[in-house]
Amino acid sequence: MSLNKALFEWTGPMGLPEFTEIDPADFAPAFKEAFKFDRAAVNAIADNPDAPTYKNTIDTLEAPEAPDAQMLEKVSAIFWNLMGAHSNDTLRELESDIAPKMSRHMSETAANKKLFKRIDTLWQQKDVLELSHEQIRVLEKHWKNFVRAGAALDEQGQKKLSETNAELAQLGSSFSQNILADEANWSLILEDGNDLSGLPDFLKSAMQAAAKERNHEGKFAVTLSRSIIDPFLTFSARRDLREKAFQAWTSRGENQGEHDNREIVAKTVKLRQEKAELLGYDSFAHFKLENQMAKQPGAVIELLEKVWERAVDKASDEQAELEALIAETGTNHPVEPWDWRHYSEKLRAQKFDFDETELKPYLTLDNIIAASFDVANRLFDITVEEHKGVKAYHPDVRTFEVKNADGSHRAVFLADYFARSSKRSGAWMSGFKGQHKLNEGETPIIINVMNFAKAPEGEQTLLSLDDARTLFHEFGHALHGILSDVTYPSVSGTSVARDFVELPSQLYEHWLTLPDVLSKHARHVETGEPIPQVLLDKVLSASKFNAGFNAVEFTSSALVDMEFHKAHEKPVEDVIAFEKAALQRLGMPSAITMRHRTPHFAHVFSGDGYSAGYYSYMWSEVLDADAFSAFEEAGDTFDKDMAKRLHDHIYSAGGSVDAEETYKAFRGKMPTADAMIEKRGLS
């Protein structure tokens, strides 16, 4: 078998793969071989005739010394990053084959009774093994993962679980590909003139670049990239075009034909419930929440409903204001979902005497990147330096080296900022390597992926305030990986409870809108002048504007996610009817839609990462609002002592400490939801 060693022998700059030497056709044979070597490595641990010790079982599972045993980890890292950020037909076809094979491979490992017996033996002996706190956490994680993966089931149960997991992996892969296809295949091509009525220059430039990419030179394309669709819905004076674009945006995955996701969702929900019952849980929500901070669905529902009631009341007041504004224009139509952003922007301009077009020239991409790095330097004494000329998996990807205060190497950071048809929508952090100290140890290679609208050649990319928050949010995730300082890979970086993982990212957003950060980095794209204090004051005073709309969008999505994953008397067959009924019970305002409607709810149905877990953004928001208050109480938002506590207990600890325990070590107590509700402007 011919293998491309570039997939698993990373000899590029700073230990990166040589991406230019990798071809999509290389992955199939590489995965085949990697599965074989990984299976051999696992079997070698399971079949070891020596009595189980932490070193010969857990340490060897965590970081096998044989290079061949690391093939699967390395090949997978490259492949799955490409699938999200730069896929093609060959890779998508391969994903449909690899996803269920990967699932079956993991199921076979979980079904290895000899391996589980060794781990179980260590678990039963944990109190006499003189293990460190981190070692106990790692052992517990392995033991629970095996049990939750069916290790305690009989052979028939394990076979059923393996088949279910493989089918779920296939469904998740298809769900993702269908969304990508709908997003790539749809565009609204506009001519100059009345079609562009109301659109600011920055948006017309982005739309022109998008049209050029789609071979419509000289025209303008509305695409389903959030950095285009959102400002188009905000500024377009053409209500008919707003409606057309909005319907396309909210119907992704719901169109008749091969890319329809409705049946996939129904099958996914059914299989997840069967999986939960097979493992002894009342519902998939109970299964997913067992290892989270929330623990039980009831705790999640209690938080969401507390916010929901306030959000609906606030949104009702906001809608009344929009209706009054519409009446003033003489058009006298109801507020529809494709109207809300448009008229709320007009209302914001009226209330606070500024609009997005006034702010955007001060938020260039490079300046906001610099701001995110500057904040990290001031908080954590790290520096970030760009290495130009390093070839990554796409020409737009930028490569940075992160250094400690003494100048030593800490991490590699890759940043992929621009939307393209080969990239799925949204923004995320992932990694090619995580930090750990076993054997020779590893320094991390972390990546941020976003979907900003790229400016035409020769122009600087301008961000909205929401875009800038997204950049800070994802860099907060990146710092969670970069600053990780643990011994074991399985508790490194973002390997924490799902409802804790958003704390470092959401907390980091707070520093973006600090006056001294914006006054330093928000500089006019043409003049270089800092943002005027009067404009900065307006931006900060408007920070809670549209709070009801934002909370309803999010909370409805989180509640519907939970509704899908609780136990049902009969299978969910018509997922749109199910979604509609759930929203009717909630009293969903007709002028607002879910932030992520079911057929394109990638967080929940592209895999099970955020399934019964979308609430975690709000759960983490309770934590981040309280955590930032600690800096405010210290009297300095860059207080050195508080920053060290933040580093030691939140950003560097990974999953080596229980989430609640490590938060209390940082803050001294667990928070209530009050600070979050106040921060959102819902009090």
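The values are calculated or read from the model by the stated rules, or taken from the named source; none is laboratory data. Note that the structure is a prediction, hence the values are computed from the model and not measured. With ideal geometry, Cβ positions are generated from the backbone for all residues, glycine too; neighbour counts draw on all protein chains shown.
The condition of being hydroxyl-bearing (S, T, Y) and either under 27 Å from the mean Cα position of the chain (by Cα) or surrounded by 18 or more Cβ atoms within 10 Å (Cβ to Cβ) (or both) holds for only one of T527, T513, that being T513. Looking only at residues of segment 240-252 that are among the basic types (K, R) and either in contact with a His (Cβ under 8 Å, 6 or more places away or on another chain) or buried (at least 21 other Cβ atoms within 10 Å of the Cβ) (or both), we find that the one that is nearest to R420 (Cα to Cα) is R252. Among residues of segment 58-76 being hydrophobic (A, V, I, L, M, F, W, C) and in a helix (DSSP H, G or I), the one that is nearest to the chain's Cα centre (by Cα) is V75. Filtered by the rule that a residue be among the aromatic types (F, W, Y) and in contact with a Ser or Thr (Cβ under 8 Å, 6 or more places away or on another chain), segment 339-387 gives F352, F373.
Kindly establish whether S87 is surrounded by 21 or more Cβ atoms within 10 Å (Cβ to Cβ), among the hydroxyl-bearing types (S, T, Y), closer than 25 Å to Q177 by Cβ and touching a residue at least 60 places away in the same chain (Cβ under 8 Å). Here the answer is yes, as S87 does meet what is asked.
Among the criteria (1) more than 22 Å from the chain's Cα centre (by Cα); (2) part of a loop (DSSP other than H, G, I, E, B), the one K520 does not fulfil is (2). Give the residues of segment 202-247 that are of a type in the set (A, V, I, L, M) and under 23 Å from the mean Cα position of the chain (by Cα), sorted by residue number. Scanning segment 202-247 gives L224, I228, I229. For segment 594-638, name all the residues that are crowded, with 21+ Cβ neighbours inside 10 Å, touching a Leu at 6+ places or on another chain (Cβ under 9 Å) and among the β-branched types (V, I, T). Answer for segment 594-638, where residues must be crowded, with 21+ Cβ neighbours inside 10 Å, touching a Leu at 6+ places or on another chain (Cβ under 9 Å) and among the β-branched types (V, I, T): just V622. Annotation: A237 fulfils all but one of (1) surrounded by fewer than 19 Cβ atoms within 10 Å (Cβ to Cβ); (2) without any contact (Cβ under 8 Å) to a residue 40 or more places away in the chain; (3) under 30 Å from N185 (Cα atoms); the unmet one is (2).
With segment 377-476 as the region, which strands (runs of 3 or more DSSP E) entirely inside it contain at least 2 residues that are more than 23 Å from the chain's Cα centre (by Cα) and under 21 Å from L512 (Cα atoms)? Steps first, answer last, please.
Values: elements: 383-386, 398-403, 409-418, 428-433, 445-452.
In segment 377-476, the matching strands (runs of 3 or more DSSP E) lie at 383-386.
Working carefully through the options L359, L363, find the one that is modelled with pLDDT under 95 and among the hydrophobic types (A, V, I, L, M, F, W, C).
When all the criteria are applied, what remains is L359.
Taking the conditions (1) surrounded by fewer than 18 Cβ atoms within 10 Å (Cβ to Cβ); (2) more than 31 Å from the chain's Cα centre (by Cα); (3) not charged (D, E, K, R) in turn, L190 satisfies each one other than (1). Being touching a Lys or Arg at 6+ places or on another chain (Cβ under 7 Å), hydroxyl-bearing (S, T, Y) and either without any contact (Cβ under 8 Å) to a residue 24 or more places away in the chain or surrounded by 16 or more Cβ atoms within 10 Å (Cβ to Cβ) (or both) is a description that does not apply to T109. Screening the candidates D355, D406, D396, D366 for the property of being more than 30 Å from T527 (Cβ to Cβ), out of contact with any Leu (no Cβ under 9 Å at 6 or more places or on another chain) and not aliphatic (A, V, I, L, M) yields one hit, D406. Consider segment 7-57 and keep the residues that are in contact with a Phe, Trp or Tyr (Cβ under 8 Å, 6 or more places away or on another chain) and assigned to a helix (DSSP H, G or I). The one that is nearest to E93 (Cα to Cα) is F27.
Specify which of the listed residues (W338, W249, W308) is part of a helix (DSSP H, G or I) and touching a Lys or Arg at 6+ places or on another chain (Cβ under 6 Å). Only one candidate passes the filter, namely W338. Listed here are the helices (runs of 4 or more DSSP H) enclosed by segment 610-675 that have at least 2 residues being acidic (D, E): 616-634, 659-667.
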